[in-house]
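One structure below.
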Amino acid sequence: MDRLLPALFAILLPLGAQAHPHIFVDTALALVTDAAGRPAGVEVTWRYDEFYSLLIFEDMGLDGDYDGTLTEAELARLTGFDMQWVDGYAGDLYVSAASGPVTLGPPEPRGTAVSGGRIETRHFRPFAEAAPPDLVLRAYDPTYHTAYDLTGGVTAPEGCAAVIEDPDLEAARKRVEEELDGRPPTIDDFPEVGEAFAQTVTIRCGAAQ
C-alpha cells in the first residue's frame, strides 16, 4: 500500500531493507449482488497489523494515551485515511472473468473501526459494467510491499459458491530470485511479484457452480 505516507518508509528501514512485505493486512472479501441477483461489486475489509496501525496513529497524532483505542473525535479524523488513492492505483484488488479483466469503480467508504490496537476499514468497489456470474478475485500489491491474507474469508451470496486457492509459495520465491538475478533486494528496487504470492478466489453463481 505504498500510496500511503511515503515518509513511513524511513521508519521501516531499520527493520531491514531486504524485508518484504512491510505491511500485513487481514482481508475479507464479499461479493455483492443487485436486486436481480447479478454481481454488482465487492465489499473489501482491511484489518491492518498492529505495527502499521501504530505508525498511522503516530503519524496522525492519535491515541495519545497509547491504550489502543480512539475517542470518537480521533476516529472521525482517522476515517478515510486509506481512501486517498493516487491516479492509477488499482486498490490492490483485481477481478477477472473468462472474457478478461473486470473494471472496478472508485472506492465507496463503508466504515472505520479500531479494535485491539488494529485499524479496520471497509469499502465497496462497484463493477463499472455488468459482470458475468463466474469471477476470479485476487487481492495483492504488485510490489509486494503489502501482504494481503484472506484471514477474514470470502462471502458469496445465496446461489453462489466461492473457492479459495493458496499460492505456490515455492514457485513464488523462485520467481523473486529469478527476477532479482543475484542483486540484493531494496525498497526502491524490488520486482513486482505480489501476484505470485496472492490467493485466488473463484466464484461461480447459478447453474455454473
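The values are calculated or read from the model by the stated rules, or taken from the named source; none is laboratory data. Computed from a predicted structure; not experimentally measured. All Cβ positions, even for glycine, are placed from backbone atoms using ideal geometry, and neighbour counts span all protein chains on display. Please note that ligands, DNA and RNA were not included when accessible areas were found on the heavy atoms of the full protein model with its side chains. Shrake-Rupley method; radii C 1.70, N 1.55, O 1.52, S 1.80 Å.
Annotations for the structure displayed:
- Identity of the residue in the range 188-209, open to solvent by 40 Å² or more (accessible area, probe 1.4 Å) and hydrophobic (A, V, I, L, M, F, W, C), that ends up modelled with the lowest pLDDT: A208
- Between D149, D87, the distinction of being modelled with pLDDT under 95 and either open to solvent by less than 30 Å² (accessible area, probe 1.4 Å) or of a type in the set (D, E) (or both) belongs to D87 only.
- Filter result (assigned to a strand (DSSP E or B), of a type outside the set (A, V, I, L, M) and surrounded by 15 or more Cβ atoms within 10 Å (Cβ to Cβ)) within the range 156-176: C160
- Considering the range 129-146, the residues that are open to solvent by less than 30 Å² (accessible area, probe 1.4 Å) and not in a loop (DSSP other than H, G, I, E, B) include one that is farthest from S96 (Cα to Cα), namely T146.
- Count of the range 22-40 residues, restricted to those that are assigned to a loop (DSSP other than H, G, I, E, B) and either farther than 18 Å from R204 by Cα or of a type outside the set (K, R) (or both), is 5.
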